[in-house]
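The values are calculated or read from the model by the stated rules, or taken from the named source; none is laboratory data. Computed from a predicted model, the values in this text were never measured in an experiment. Every residue, glycine as well, gets a Cβ built from its backbone with ideal geometry; the counts of neighbours run over all protein chains shown.
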Amino acid sequence: MTDSPDWRSRRWAATHQRIYDTAMRLFQEHGFERVSVGQIAAGAAVSVPTFYAHYPSKGHVVMHLPTAEDIAFIISGQPADLPVSERIRRAVPQWLGQWTSEDLEAHLARWRVIATTPALRTRAAEFERTTAGMVANALPTQGAGLKPGDAVVVNAYLSAYTVGVLAWADGNGERKLEEHIAEAFDALEGR
């Protein structure tokens, strides 16, 4: 084997996936709170420092953020003359439409761990606020930037999105994710 950049990136990706798979198996078997980073590292046949080179914390194994580029791409596809709420409502199906059935299963597994772990349910709000910031930054503005009212709308819709995803996980994916999110958005809008 050569020590080429391509080989190193494949090796890094394989290690990253092995750590993820091991952690998810352990979380599902024992519960998130009862699994240590040391147990995950041992199960994945890596050192604890290697675990931390791949994930900043145990919570980051299950708590994923979209990239700013992903958010910008989805938001840029929405007409700028629409209200912020409508742009977000239209962006969500586009976002979810990118997921394969395997992606959906992986998201459900992660969100089941989050939904059954009180500390992670609370921490989801931190990730939600970070994502809301990315959405706000991606919205085209005229002049002085995003209006305070629009920032409130973005945060409210991201909160509703999280409520919908948690309801989907609580129901073990028996209903479509899109239905849960639409219900959460409808409740926000008083429909």
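For the stretch 170-178, the count of residues that are in contact (Cβ under 8 Å) with a residue 60 or more places away in the chain, among the small types (Gly, Ala, Ser) and not in a helix (DSSP H, G or I) is at least one. A count restricted to the stretch 20-36 and to residues that are in contact (Cβ under 8 Å) with a residue 60 or more places away in the chain and assigned to a helix (DSSP H, G or I) stands at 5.
Is it the case that the stretch 164-177 has a residue that's loosely packed, with under 12 Cβ neighbours inside 10 Å and either of a type in the set (Asp, Glu) or within 13 Å of the chain's Cα centre (by Cα) (or both)? Checking the stretch 164-177: at least one residue is loosely packed, with under 12 Cβ neighbours inside 10 Å and either of a type in the set (Asp, Glu) or within 13 Å of the chain's Cα centre (by Cα) (or both). Filtered by the rule that a residue be among the β-branched types (Val, Ile, Thr), surrounded by 15 or more Cβ atoms within 10 Å (Cβ to Cβ) and part of a helix (DSSP H, G or I), the stretch 90-129 gives Val92, Val113, Ile114. Looking at the stretch 46-89, which of the residues that are among the polar types (S, T, N, Q) and not in a helix (DSSP H, G or I) is nearest to Asp186 (Cα to Cα)? So the residue we want is Gln78. Residues considered: Ala45, Ala23. Of these, the only one that is on the phi > 0 side of the Ramachandran plot and of a type outside the set (S, T, N, Q) is Ala45.
Per the conditions (1) surrounded by 13 or more Cβ atoms within 10 Å (Cβ to Cβ); (2) in contact (Cβ under 8 Å) with a residue 12 or more places away in the chain; (3) outside the structural domain of Val35 (by TED's automatic domain parsing), the sole criterion not satisfied by Tyr55 is (3). The selection criterion, being at pLDDT 95 or above, assigned by TED's automatic domain parsing to the domain that holds Met134 and in a helix (DSSP H, G or I), does not hold for Ala151. One residue stands out among those in the stretch 7-34 that are small (Gly, Ala, Ser) and exposed (fewer than 12 other Cβ atoms within 10 Å of the Cβ): the one that is farthest from Arg110 (Cα to Cα), which is Ser9.
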